[in-house]
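Undergrad: The structure's right below; bear with me while I get my questions together.
The values are calculated or read from the model by the stated rules, or taken from the named source; none is laboratory data. Only a predicted model underlies this, so the values are computations on that prediction, with no experimental measurement involved. A quick note on method: Cβ atoms are made from the backbone with ideal geometry, for glycine too, and the neighbour counts reach across all protein chains shown. Heavy atoms of the whole protein, side chains included, go into the accessibility calculation; ligands, DNA and RNA do not. Shrake-Rupley method; radii C 1.70, N 1.55, O 1.52, S 1.80 Å.
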Amino acid sequence: LGPLVYFASSGPQRIRVQVREDGLAIDQIVLSADRYRTVAPGPVKNDATILDEALPSTQTEVVLHAKNAAIASGWIVTNDVTAAGGARLQNPNAGAPKISTPLASPARDFEMTFNAESGIGYRLWIRGKAASNGWANDSVYVQFDRSVDQAGQPLYRIGTTFATTYTLEDCTGCGVSGWGW
C-alpha cells in the first residue's frame, strides 16, 4: 500500500500522471478514503474489475476512467473491451529508458480533475496493464495540485520534481499478467 494522500482544501482537485516507463496502459484511477483504503479494488494480476465512475455525494470514493482524461502528450485512447468504459489510455512502448526523477513539466502526461475532502486520507489505486506483460513497462509518477501530508505540508505537487510512484508489479520477479491494481 502506498502512502495516504491528503488535500489542503475540499473541492476540485487535479491529478497528473506522467510517464516513468513507457508501455503502460491505464483504465481506472481510484482515490479511496473508505472502501479501498486498505484493500485494492481488484487483484494484482488478470483483473476484470470495472468500477462505476459515478461519484458518491460524500466524495470519499473517487473513480476516474482514464479514457476521459485531458491528454497532454504521449498517451493514446485505445479501444479495449476489457477496459473501463471500453477504452484505455496507452503510452506506447518505445523502448525508452526509465525516467529516474519526476519532472516539473513532463512531455508525456495526462491530467484529470475530481472532488475530494480536506483532512481525509485517500489511498491511490491505479488499474494498469504493461505492454507485453513486461516489468519494464509498468510504472508512472503521480502528482496532485493541492496534495499535502497528514501534517498539512505540500506533498507530491504538480510543477515539482516530487511525486508518488505507481508500479504494477507488486514485488521483484513476481511477473505481471493482464490488468492489475
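Undergrad: Compute the accessible area per residue over the chain, keeping the other protein chains in place, probe 1.4 Å, unit Å².
TA: 44
Undergrad: Please work out the FRET efficiency for the pair residue 133 and residue 160, using the Cβ-Cβ distance as r and a Förster radius of 25 Å; give the result to the nearest 0.05. All intermediate terms of the calculation are to be shown ahead of the outcome.
TA: Values: r = 32 Å, r/R0 = 1.28.
For residue 133 and residue 160, the calculated efficiency is 0.20.
Undergrad: Leaving out ligands, DNA and RNA, and with a 1.4 Å probe, what % of the accessible surface on the stretch 111-163 is carbon or sulfur? Walk me through the intermediate numbers first.
TA: Working: 1050 of 2160 Å².
Within the stretch 111-163, the accessible surface is 49 percent carbon and sulfur.
Undergrad: Give the dimensionless ratio obtained when the Cα radius of gyration of the stretch 1-133 is divided by 2.2 N^0.38 Å. Present the calculation step by step, with values, prior to reporting the outcome.
TA: Numbers: Rg = 14.7 Å, N = 133, 2.2 N^0.38 = 14.1 Å.
After normalising by residue count via 2.2 N^0.38 Å, the value is 1.04.
Undergrad: Can you tell me the length gained on complete extension of the stretch residue 172 to residue 151, counting 0.36 nm per residue apart and subtracting the Cα distance?
TA: Numbers: separation 21, 0.36 × 21 = 7.56 nm, distance 3.21 nm.
Stretched out fully, the residue 172 to residue 151 stretch lengthens by 4.4 nm.
Undergrad: Give me the log10 of I(q) over I(0) for the stretch 86-180 at q = 0.21 Å⁻¹, as the Debye formula computes it from C-alpha points; what are the numbers?
TA: -1.23
Undergrad: Show which aspartates and glutamates lie in cross-link reach of residue 129 when reach means a straight Cα distance below 17 angstrom and same-chain residues fewer than eight apart are skipped.
TA: Within the straight-line cut-off, residue 129 pairs with 21, 22, 27, 47, 80, 109, 138, 169, 170.
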